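One structure is given below, encoded as structure tokens.
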Amino acid sequence: MGKGMTTGASGKGLRGITPEDLYRFTYVSDPQLSPDGATVAFVRTTIDREADGYRSQIWVVPSGGEGTPRRFTAGPGDTAPRWSPDGQTLAFLAKRGGAGVGNKAQIWLIGATGGEAWPLTDLPEGASAPEWSPDGARIVCTSQVRAADDRDRDEPTPPTEEGRKKSDVRVIDHLKNRLDGEGFYDDRRRHLFVVPVRGQERGVARQVTAGECNENVPAWSPDGQTLAFVSARHADRDYDNKSDIWTISVGDDGVAEPRRVTRTTGPCSGPVFSPDGATIAYTGHDNAPDSGPSTIAGLWVVPTDGSAAPRNLTAAIDRPVGAGIGTDSRYGTPADRPLWTPDGGGLLCLISDRGDGPLIQIDAANGEVTRVLDGPRQITNASLSADGRRLALAISTATNPADLFACDLDASGAALVERRLTASNAALFAEVAISEHRKHRYTAADGQALDAWVLTPPDFDPARRYPLILEIHGGPQALYGESFYLEFQILAARGYVVLYTNPRGSDGYGQSFVNALRHDWGGVDYRDVIAGLDWLIGEGSVGIDEGRLGVTGGSYGGYLTNWIIGQTERFRAAVSGRSTANRYSHYGHSDIGSFTGDWQFGGPPWENAAHYLERSPITYAPRVTTPLLLESQEQDLRCPIPQAEEFYTAIKKLRRANVQLIRFPGESHGMARGGKPAHRVERLTRIADWFDKYLGVREG
């Protein structure tokens, strides 16, 4: 357990946690330390049960640990706090309506001492990704821009000369034509805008990029004359996963010509200039020949002028950069950017390592790594004071969703005193019993060491035998570890032992571990998770009733659940969420199917049909006897609902197993983490009820 973290705990008189408790959760994210290191601004999100939505506000808390958090903005949709360089003003995004802007997010400003906020932008398509210029005189942001042949369906369509309405037919001529969570692309493109900040005046946003490409995650050079950003501008961008870091001069009033800095080898994100402006750090990968799109993300540096090839500073540690450990109890957490030390000699970044999420410092010259904050926990965001002597962090463990911490650093960058600043769910956790998991190491049949976590009921009795639920993560290039899962805690509260593992194909164990799954879905991964189950049963410290085993997972975890029940009759109940069953048809159904399929299944299905069908759970539907609950989201573009419909139809038609399909309208692939609260509660309830129906929770 991380420093300062306590379980809300297992004690007499505490009740079990339930799906309805979701409505009481508070999520904190995006901590931003003021330049002087004294104050942390952060996003605090709660659930509005009546509106069936979320309310986000900016809160502040002293970083010294001497004060309590307080609300700083009114909400209800305030996010992305960003301090001005002098610390006197806070910019943030807010959805507050207004003439001509509807409910799209705009940049607002508020003084550091509080008071009334005022709007800075009124961009027709809203604003995102705000960043202050080093002199505090401007803010860069991104916003979508409509093409001349506007086909937006949200605006009234003027009649044509003949009085006919404009067609509502969607014409698709790109391979990348949709994205889960956003929908189908139209003719809007995301570009960069620079907005002057002059007191409380509304700024006139100047568009500084244009064209058919999107630009994202802008960053200022130290002299305020150049912006770095991410864009895919190469000719084959519709057919690959590549993007580049670009720079553009913003000293002129017109639109300058961007300059490419990287070499178009793979995806890029999060550019940050070094303090002297000579180097840009970013995260991404280069589609290595033996790993392709499954290459683990690294921390790279490249000369700002593009005069040399990028260098991967984290290649030697063989761990992915970023906060990658899965959870269903996080909301609004932005992707973390690397942080330069003030002297430009090193960089701070997060990695995922065997289920832990530490913060490391890397020497920018030689790649030497030092662990700054470590232990069984996940750090999801980090912010550094201007002098480099204090950090603000969001940290979670298996028994507590993310809370805020501050940590002082000595002159060498080593961590000193760590202080907890928030206890966001203390009131709820004082009422409910939260179980602590235990990490174990087991060995697969071929000798590969694997990690497993075992969560037991809060009132666990070693003399009893318990029903067990095997949980399988999505991805497959994802991982379980030191993160809070409400679903797991609910199942434990109902009397189940919960087992979750990181089989081969998972992230956090190195590139060869990821690569082991290529061309072998349903093979080594299946053997690894079953080996974990066999290990736990044979190990004997937790009594397992082998007649009451359940299996569940979402996304890729849903695929493997579907696969497992077609290979064995050991499980008495299964729940498959947002899953795939027919890898052949998924290639065209999914927003990413044709990109992942080529690599993971050895080419497109018309070249390798036998392998696609061999590794498709629907091929083995005649073997399924396990009662199966399929849950899917009707707007899921990642694992679209026809996948669940195909599997449901096959099993229903065969009449060898009870099967039920539940459909959540208006929801996308990420519903379990950020969908409508009522849908999330019903999903959790139906999962637990399905297992209760077929497994029960009492011995006998």
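See the values below:
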quantity	calculated
Search result, residues across region 443-459 that are in a loop (DSSP other than H, G, I, E, B) and buried (at least 17 other Cβ atoms within 10 Å of the Cβ)	Ala444, Gln448, Thr456, Pro457, Pro458
Every residue from region 630-688 that is among the hydroxyl-bearing types (Ser, Thr, Tyr), buried (at least 19 other Cβ atoms within 10 Å of the Cβ) and touching a helix residue (DSSP H, G or I) at 6+ places or on another chain (Cβ under 8 Å)	Ser632
Subset of region 465-484 (residues that are aromatic (Phe, Trp, Tyr) and either surrounded by fewer than 24 Cβ atoms within 10 Å (Cβ to Cβ) or in contact with a Pro (Cβ under 6 Å, 6 or more places away or on another chain) (or both))	Tyr466, Phe484
Residues located in region 30-44, provided they are buried (at least 22 other Cβ atoms within 10 Å of the Cβ) and more than 13 Å from Ala406 (Cβ to Cβ)	Asp30, Val43, Arg44
Sole exception among (1) over 14 Å from Leu347 (Cα atoms); (2) part of a loop (DSSP other than H, G, I, E, B) for Leu393, by number	(2)
Top-ranked residue in region 230-249 [being assigned to a loop (DSSP other than H, G, I, E, B) and among the aliphatic types (A, V, I, L, M); ranked as farthest from the chain's Cα centre (by Cα)]	Ala235
Any hit, region 367-379, residues being in contact (Cβ under 8 Å) with a residue 60 or more places away in the chain, more than 30 Å from Ser512 (Cα to Cα) and assigned to a strand (DSSP E or B)	no
Conditions (1) among the acidic types (Asp, Glu); (2) touching a Gly at 6+ places or on another chain (Cβ under 9 Å); (3) buried (at least 17 other Cβ atoms within 10 Å of the Cβ): number failed by Glu614	(3)
Subset of region 260-291 (residues that are under 18 Å from Pro222 (Cα atoms) and touching a strand residue (DSSP E or B) at 6+ places or on another chain (Cβ under 7 Å))	Val261, Gly270, Pro271, Val272, Phe273, Ser274, Pro275, Ala278, Thr279, Ile280, Ala281, Tyr282
Tally, over region 394-415, of residues that are of a type in the set (Gly, Ala, Ser) and surrounded by 22 or more Cβ atoms within 10 Å (Cβ to Cβ)	5
Count - residues of region 397-442 that are in a strand (DSSP E or B), touching a Phe, Trp or Tyr at 6+ places or on another chain (Cβ under 8 Å) and modelled with pLDDT of 95 or more	12
Residues of region 581-598 satisfying the condition of being in contact with a Lys or Arg (Cβ under 8 Å, 6 or more places away or on another chain) and either farther than 17 Å from Asp520 by Cα or of a type in the set (Ser, Thr, Tyr) (or both)	Ser590, Asp591, Ile592
For Val28: the one exception among (1) in a loop (DSSP other than H, G, I, E, B); (2) in contact with a strand residue (DSSP E or B) (Cβ under 6 Å, 6 or more places away or on another chain)	(1)
Total residues in region 187-217, condition closer than 30 Å to Ile172 by Cβ, surrounded by 16 or more Cβ atoms within 10 Å (Cβ to Cβ) and not aliphatic (A, V, I, L, M)	10
Any chance Asp168 is within 33 Å of the chain's Cα centre (by Cα), at pLDDT 80 or above and either within 30 Å of His589 (Cα to Cα) or among the aliphatic types (A, V, I, L, M) (or both)	no
From Ser590, Ser594, residue being out of contact with any Phe, Trp or Tyr (no Cβ under 9 Å at 6 or more places or on another chain) and either modelled with pLDDT under 95 or not basic (Lys, Arg) (or both)	Ser590
Residue match in region 351-361 (condition: of a type in the set (A, V, I, L, M, F, W, C) and over 18 Å from Val321 (Cβ atoms))	no
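Results for (1) under 18 Å from Ala445 (Cα atoms); (2) not in a helix (DSSP H, G or I), shown as yes or no for each residue.
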{"site": "Tyr466", "(1), (2)": "no, yes"}
{"site": "Gln489", "(1), (2)": "no, no"}
{"site": "Gly508", "(1), (2)": "no, yes"}
{"site": "Asp520", "(1), (2)": "yes, yes"}
{"site": "Asp545", "(1), (2)": "no, yes"}
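Here is a yes/no grid of residues against (1) among the polar types (S, T, N, Q); (2) under 21 Å from the mean Cα position of the chain (by Cα); (3) under 17 Å from Leu479 (Cβ atoms):
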{"site": "Ala309", "(1), (2), (3)": "no, no, no"}
{"site": "Arg330", "(1), (2), (3)": "no, yes, yes"}
{"site": "Pro334", "(1), (2), (3)": "no, yes, no"}
{"site": "Leu348", "(1), (2), (3)": "no, yes, no"}
{"site": "Asp363", "(1), (2), (3)": "no, no, no"}
{"site": "Pro376", "(1), (2), (3)": "no, yes, yes"}
{"site": "Ile379", "(1), (2), (3)": "no, yes, yes"}
{"site": "Ser396", "(1), (2), (3)": "yes, yes, yes"}
{"site": "Asp403", "(1), (2), (3)": "no, yes, no"}
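The values are calculated or read from the model by the stated rules, or taken from the named source; none is laboratory data. As the structure is a computational prediction, the values presented were derived from the model and not from experiment. FYI the Cβ positions are ideal-geometry reconstructions off the backbone, even for glycines, and counts take in every protein chain you see.
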